[in-house]
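Please read the structure below before turning to the comments.
The values are calculated or read from the model by the stated rules, or taken from the named source; none is laboratory data. Everything numeric in this text was worked out from a predicted model, so none of it was measured. Quick reminder, even Gly has a Cβ in these numbers, built from the backbone with ideal geometry, and neighbours come from all protein chains shown.
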Amino acid sequence: MTTRLEPQLIRSDAWVLAATLQGRGHWRRIDRLLNDADYLNTSLLTYHEISYGLPRLVACGYVETRLDPNGRLVIGPTDRAKDVSSRAHKTTGSRVALSARFDEELGCAPYPMDEVEDRSLGQLTNLTERDWQSAVEAYRRDSEGWIRRAGQVGGLMRWFLRWRRPKDYPDDGTP
């Protein structure tokens with residue numbers, strides 16, 4: 001009987017997995033994955049972090065990939081990944097601590113130690129740089145929409161605070 005050797009995972013793989021699990025176990029498109037990765041690490045994953053990282057995560061049994069009915073790549077966590085998430089969330093509270101906990105759970109080198117990336121599995125075949133750019137653009141449009149809506153809510157809050165202000169309160173232009 002032969003045993004399958006799992007590739008060594010790196011911190012960006014843990015970040016990809018943590019972002020995948022933000023969808024509560026549902027299959028995720030790349031643009032949604034970018035959104036959740038940005039939330040967790042306030043940074044965008046690169047094309048190479050995804051295209052080389054996903055094959056490692058698949059080989060280790062943490063995620064599965066497929067194409068949706070529209071031909072877009074979607075990613076879903078396995079039960080093994082959900083177990084990792086469950087353990088990581090039990091012991092952490094902040095996003096930074098959660099990221100470190102995922103690194104630890106996956107056996108990644110602790111920051112700031114150097115890592116050696118195993119690219120022996122190659123890139124994910126059904127994700128092109130063009131697909132990646134489309135996902136980044138969709139993420140950007142979605143983010144701009146949220147920022148615009150947040151600004152509208154802020155304007156409404158300023159109006160409300162001015163409206164609730166006592167009539168004899170000096171109006172210096174601040175809410």
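Of all the residues that make up region 96-109, how many are over 13 Å from L9 (Cβ atoms) and of a type outside the set (V, I, T)?
Total meeting the criteria: 5.
Looking only at region 60-73, decide whether some residue is out of contact with any Ser or Thr (no Cβ under 7 Å at 6 or more places or on another chain) and in a helix (DSSP H, G or I).
no
Against the definition (within 19 Å of S120 (Cβ to Cβ), buried (at least 18 other Cβ atoms within 10 Å of the Cβ) and β-branched (V, I, T)), how does I50 come out, yes or no?
Answer is yes for this residue.
Residues being loosely packed, with under 14 Cβ neighbours inside 10 Å and either free of Cβ contacts under 8 Å to residues at least 24 places away in the same chain or under 15 Å from the mean Cα position of the chain (by Cα) (or both): count how many of those fall in region 62-79.
4
Pick from region 1-26 the residues that are part of a loop (DSSP other than H, G, I, E, B), in contact with an Asp or Glu (Cβ under 7 Å, 6 or more places away or on another chain) and of a type in the set (S, T, N, Q): which of them is farthest from K82 (Cα to Cα)?
Ranking the qualifying residues of region 1-26, first place goes to Q8.
For region 27-53, name all the residues that are part of a helix (DSSP H, G or I) and within 18 Å of I10 (Cβ to Cβ).
Across region 27-53, the qualifying residues are L33, A37, L40, N41, Y47, H48, E49, I50, S51, Y52, G53.
For residues that are in contact (Cβ under 8 Å) with a residue 40 or more places away in the chain and assigned to a loop (DSSP other than H, G, I, E, B), tally how many sit in region 88-123.
Residues in region 88-123 being in contact (Cβ under 8 Å) with a residue 40 or more places away in the chain and assigned to a loop (DSSP other than H, G, I, E, B): 14 in total.
Does K90 qualify as being modelled with pLDDT under 85 and not hydroxyl-bearing (S, T, Y)?
yes
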